[in-house]
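All remarks here apply to the structure that follows.
FYI, it's all coordinate maths here, none of it is from the lab. Every value quoted in this text rests on a predicted model; they were computed, and no experiment measured them. So basically every Cβ, Gly included, is an ideal-geometry build from the backbone, and we count neighbours across all protein chains shown.
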Amino acid sequence: MKVSSSKENILKKIRQALANPVPVPFPHSEGNTSVFQPLQKELEIEFAENFTGLLGRFSFCLDEKELAEQLHHLTASKQLKTIFCNETEIKEKLANSGFTNFSASNVATCDASITGCELLIARTGSLLMSSTQPSGRTSSVYAPIHICIAYTSQLVYDIKEGLQILKEKYAGNLPSLITLATGPSRTADIEKTLVVGVHGPKEVYVFLVEG
């Protein structure tokens, strides 16, 4: 498949950024100096770098057709047999592009779940989600693998900007739950040893689609 110059440019910048990942925890996060830094890269690059730095898996897609192709590759490579999706719009877009592997009727027994999100926060590499999404409160938490599909138009730089957009979107009547998901679940409560996937998904994928 021929890759457009715009996509190749984005992928090249992402590869360059990921070749020199930001250490976690951030070395200058203590003291009197503010850790907030103004945006210096494209939002796609900023998000990809921060998201993968926190063990997330990132993929950029030119359109829904390529998205469907990459989902087919992921499900085959991970041997995902049961996939749950409760968002009609996402299922219709994927079905129109040739991906119809939605065999799970219950998120509690699926191998992976597919959801959308409200926004992507580039500075922290986070998914901003809410209870008003068709997937509800559970699809991004109970499945062992969470696959989020988002569009470049959903990228914002900081959490403050994201919350302001939600306030305007919901006309001041904010959802009962607004949450930030930043990579797979992890804890270091026991002897300061990092364990992934204890309180949520072991793997989180973001497929970012141009548009």
How would you order 169-181, 105-117 from highest to lowest mean count of nearby Cβ atoms within 10 Å?
105-117, 169-181
Ranked by Cβ crowding within 10 angstrom, fewest neighbours first, how are Val204, Val141 ordered?
Val141, Val204
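Based on other C-beta atoms within 10 Å, arrange His146, His73 from fewest to most.
Placing the least packed residue first, the sequence is His73, His146.
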Linear extension gain, Leu11 paired with Tyr157, 0.36 nm per residue minus alpha-carbon span
50.6 nm
To the nearest whole percent, what portion of all C-alpha pairs in the stretch 40-148 is separated by more than 22 angstrom?
33 percent
Work out how much length Ser4 to His73 would gain on full extension: take 0.36 nm times their residue separation and subtract the Cα-Cα distance, in nm to one decimal.
22.8 nm
When we measure straight from the Cα of Lys169, which lysines land under 20 angstrom away, once same-chain ones fewer than 8 places off are left out?
Lys160
P(r) tail for the stretch 65-128, what percent of Cα pairs lie past 14 Å?
61 percent
